[in-house]
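For reference, the structure discussed in these notes is given below.
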Amino acid sequence: MKNFWLSILSLFTVLAVRGQGYDINRISHKARILYQRAQDALGQSSDQIAEGFLIRATQEDTAFLDAYAQLGTLQLQNKEYSLAAGNLAHAIRLDSGFAKNLMFSLSKAFAGEGFFRQALVMMDAYLSRSAPDSSQQREALAWEQHYRFALSTLDPAHSFDPVNLGDSINSPMQEYAASLTIDRSTMYFTRLLQGRNEDFYVSQIGPDGKWSLAKNLGPPVNTAYNEGSGHISQDGNILLFAGCDFPGGYGSCDIYYAIRTTQGWTEPRNIGPPINGAYWDTQPSLSSDNQDLYFVSNRPGGSGGSDIYVSHRQADGRWGAPQNLGPNINTPGDESSPFIHADGQTLYFASDGWPGIGGVDLFYSRRNPDGSWSRAVNLGYPINTIDHDGSLFVASDGKTAYLASDRADGKGGLDLYSFTLYPAARPLRTLFVRGYVYDSKSLERLSCEIDLVDLSNGKTLSSVHSDASGNYLVALPVGADYAFHVNRMGYLFYSHHFSLPANSPDKPFYINIGLQPLAVNDSVTLNNIFFDVDRYDLKPESQGELDQIVRLMRQNPGIHIQISGYTDNSGTESHNQELSRHRAEAVVKYLADRGIAADRLSAKGYGATHPVATNDTEQGKALNRRTGLVITAK
C-alpha cells in the first residue's frame, strides 16, 4: 500500500511537472539486461518470472521508465492495483509527456482500488493529451462514465468484506458458480480442471460451521463434456446445468437436469422444448417451489444480445412458453447469471447493458404485487468493480452471499468467497417447512398438491407437489402470515397456519402429514378460518381455507359435511352456544353462495364444550376457539 499512497499524494505533481526527458541510454547496463530477461519471460507467458526481473531492474536503476511502465502494466493486468498505481505513477513522474499513455492505465489502477475521484482526474489528464475522436478517446470517455457512476453508488452502508471459503472448497484450479440448498447445509459448485473441463463438486457444512472437503459429483452427471452454470434446487433433489455441444442437443447450448434418488443421480436429460431451441439457452435458476425456471437465451424477439426469460410449470407438469422478463431487466446489451432467491420475490443477475462500474455488473430487482419486476438496481461499489462481476448467490438467511473472485488471498484463479450483503440489497429471510405426506391409515406415502397462501391477500404464493415418496419442501419468507393446505382427491385436506414476523427465530419446521381417507365421521380442524373477537363475520383471511372446502366438495360430489363451531369458556354458556352456531352458519353460507348444494351442508354450534386444550391459558383458549368439518355422509 505504501507505493499506492505515494502515487496518490504525488498525483497533482505528476500532472503539473514534466520530467527532465527520458533517455534509455542513460539507464545502467545491468538494469537493461534484467529488463531483457523480463521480455524473454513474457514471451514464454511466464508473468511471475517477468515481474521478478522487472522489480530487480527498477531497483537497479530508479530512472528506468520502461521497466516501471511495463511492471505497472503487468500488475494492472494481474489486478494488483495498488502496486500498479505506484509503479505507473513513478513512470509518469519520470517523464509525464513521454509516458502520457500510461495515464489511462494509472486511471484504471486508481479505480481498481476504489479511488474514483483520482481516477477521473487522471483520465481527464489523459484526455487532454489524446487525439480527438480517436478510438482511445472514446474508450476513455466510456471509462469516465463508469467512474462517475461508481461515485454515485458510494455508500458507507455498503460494507464488503469477503472471506475465502478455504482449502476444503478452493484449490489451485478455478472454482465458481456456488449454489446452496435452502437449509444451507450443502453447496454445489463448478471447478475447472486442467483449464479445460468443468465438473461439479459438492460439500457439506459440519456442526463446526466449516465446509467438508469437496468431492467430485462423479458420473453420470460429470462427463468428458463441460457441465457448467449449475443450480441445485432448494430441496437438493434436482440439479440443472448448461451443456454446450452435447450429442443430440437442440442448439449450441441447452439446459439439462438430473434428479437425485436413493440410488444416486439419474442420467442427465435435456429439458427440451420450449425452453431449449435452436439458439443459446443456458444459466438456469429454479424457484424454491420448482415451478418457475429462469434462464438466459439469445433467441429472437428479445431486447438484444442475451436476455433473461422465465418458464412456468403448467398443470400437466410441462414447461410453458418462455416469457421475456421485459425492459426493467433486459437491455440491448447482455444479461446473464439470473438467480431467483428462495423468497420468490428477489432476482439477482449480471448485465453489461445497464449503467455500471465496469464491463459487467451485478444487479437486483424486486417482484411487484402485479407480478412484474421493478427496475434493475446496481449493487454498487465495492461489490461491483471495474472488473467483470459475473454471478451472485444469496443464501436463504437473506444476508449471506457467495461469489467467485480472483483476489490476492486466493488459492489460484477464481475462488469462492462469502460475505454479508448490505441490508438494502437483501431478499426476505426465508425459512422452510419440510416433511412427508402419508395415508393416516395405511401409512403409504402420498404424492399430493401443497399450496402456500398469503393470508393478507389470499394469493397463492406457491403450489408444489410432494414427490413419489411423499417428500415436500415449501419456502416461507418471513414477514407474513401463511395458510398451508395439503390436498389429494379422496382425502380430507390438511391445513396449517404459520405466523412469521420479520424477527422470527431462524428455525425451520418439520411436519409429517397424515391425510385421512374420506370416511363418514372423519373430521378435520379448519386452522385458517378467522373471526374477530365475539363476532361471526368471516374475516378476509379465511377465503383461502373456505375455497379449499369448496374444492373438496366439488371433487367429491357424494359427500355431505357438517361445519362445527367451538368457543373457549369466556362468556356465558348460552352466548357461547349462539356465537359458535352463527360462526358455523357463516361458513355454510359461504359454501352455498359458491354453488354447493344446501342439502349437503349443515351447521352446528358446540359452544365451549369439547375443549381440545386447557382454558386456563391464553394459548389453550386460542386452540379451543376453532372451526371443524365432519363428514356426515359419503
Between residues in the range 533-558 that are under 21 Å from Leu579 (Cβ atoms) and residues that are among the basic types (Lys, Arg), which pairs lie under 7 Å by C-beta distance while being six or more apart or on different chains? Tyr536/Arg583
Tell me, which residue of the range 440-463 that is touching a Gly at 6+ places or on another chain (Cβ under 7 Å) and assigned to a strand (DSSP E or B) is nearest to Arg367 (Cα to Cα)? Leu461
Go through the range 214-264 and count every residue that is more than 14 Å from Val296 (Cα to Cα), in contact (Cβ under 8 Å) with a residue 40 or more places away in the chain and touching a Leu at 6+ places or on another chain (Cβ under 7 Å). 6
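On the given criteria, is Ala63 assigned to a helix (DSSP H, G or I) and among the aliphatic types (A, V, I, L, M)? Quick ask: steps written out before the conclusion?
Working: assigned to a helix (DSSP H, G or I): no; among the aliphatic types (A, V, I, L, M): yes.
No.
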Hits in the range 340-359 (condition: over 16 Å from Ser374 (Cβ atoms) and either assigned to a strand (DSSP E or B) or of a type in the set (Ser, Thr, Tyr) (or both)): Ala350
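Checking the condition closer than 19 Å to Gln548 by Cβ, in the same structural domain as Asp534 (by TED's automatic domain parsing) and polar (S, T, N, Q), which residue from Thr614, Thr627 passes?
Details: Thr614 fails: closer than 19 Å to Gln548 by Cβ.
When all the criteria are applied, what remains is Thr627.
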Check Leu15 against each of (1) modelled with pLDDT under 95; (2) closer than 30 Å to Gly410 by Cβ and name the one condition it does not meet. (2)
When you go through (1) modelled with pLDDT of 90 or more; (2) surrounded by fewer than 18 Cβ atoms within 10 Å (Cβ to Cβ); (3) assigned to a loop (DSSP other than H, G, I, E, B); (4) not aliphatic (A, V, I, L, M) one by one for Arg407, which number turns out not to apply? (1)
Please work out which one of (1) part of a helix (DSSP H, G or I); (2) in contact with a Ser or Thr (Cβ under 9 Å, 6 or more places away or on another chain); (3) closer than 26 Å to His388 by Cα is the condition Gly114 fails and give its number. (1)
Quick check on Gln59: is it of a type outside the set (A, V, I, L, M, F, W, C), surrounded by fewer than 17 Cβ atoms within 10 Å (Cβ to Cβ) and at pLDDT 90 or above? yes
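Here are Gly413, Gly358, Gly390: which of them is modelled with pLDDT under 95, outside the structural domain of Tyr147 (by TED's automatic domain parsing) and out of contact with any strand residue (DSSP E or B) (no Cβ under 7 Å at 6 or more places or on another chain)?
Working: Gly413 fails: out of contact with any strand residue (DSSP E or B) (no Cβ under 7 Å at 6 or more places or on another chain); Gly390 fails: out of contact with any strand residue (DSSP E or B) (no Cβ under 7 Å at 6 or more places or on another chain).
The unique qualifying residue is Gly358.
Confirm whether Ala376 is in the same structural domain as Gly195 (by TED's automatic domain parsing) and either closer than 24 Å to Ser152 by Cα or β-branched (Val, Ile, Thr) (or both). Reasoning before the result, please.
On the way: in the same structural domain as Gly195 (by TED's automatic domain parsing): yes; either closer than 24 Å to Ser152 by Cα or β-branched (Val, Ile, Thr) (or both): yes.
Spelling it out, Ala376 is indeed in the same structural domain as Gly195 (by TED's automatic domain parsing) and either closer than 24 Å to Ser152 by Cα or β-branched (Val, Ile, Thr) (or both).
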Tell me, yes or no, whether the range 431-438 has at least one residue that is assigned to a loop (DSSP other than H, G, I, E, B) and at pLDDT 95 or above. no
Inspect all residues belonging to the range 145-156 and state whether any of them is over 18 Å from the mean Cα position of the chain (by Cα), closer than 20 Å to Ser418 by Cα and in a strand (DSSP E or B). no
Which listed residue, of Ser311, Ser374, is buried (at least 17 other Cβ atoms within 10 Å of the Cβ) and polar (S, T, N, Q): Ser311
Considering every residue within the range 185-201, establish whether at least one is surrounded by 14 or more Cβ atoms within 10 Å (Cβ to Cβ) and small (Gly, Ala, Ser). no
Checking the structure you have, find out if any residue of the range 493-511 is in contact (Cβ under 8 Å) with a residue 24 or more places away in the chain, under 38 Å from the mean Cα position of the chain (by Cα) and farther than 30 Å from Asp183 by Cα. no
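Between Val474, Val437, which is of a type outside the set (Gly, Ala, Ser) and over 24 Å from Asp522 (Cα atoms)? If you could, list the steps in order and put the result at the bottom.
Details: Val437 fails: over 24 Å from Asp522 (Cα atoms).
Exactly one of Val474, Val437 is of a type outside the set (Gly, Ala, Ser) and over 24 Å from Asp522 (Cα atoms), namely Val474.
Table: residues versus (1) over 13 Å from Gly344 (Cβ atoms); (2) of a type in the set (A, V, I, L, M, F, W, C).
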site: Pro423; (1), (2): yes, no
site: Leu428; (1), (2): no, yes
site: Tyr438; (1), (2): yes, no
site: Ile450; (1), (2): yes, yes
site: Asp454; (1), (2): no, no
site: Ser469; (1), (2): yes, no
site: Leu476; (1), (2): no, yes
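The values are calculated or read from the model by the stated rules, or taken from the named source; none is laboratory data. This structure is a prediction, so every number in the text was calculated from the model and none was measured. Cβ atoms come from the backbone with ideal geometry, glycine included; neighbour counts cover every protein chain shown.
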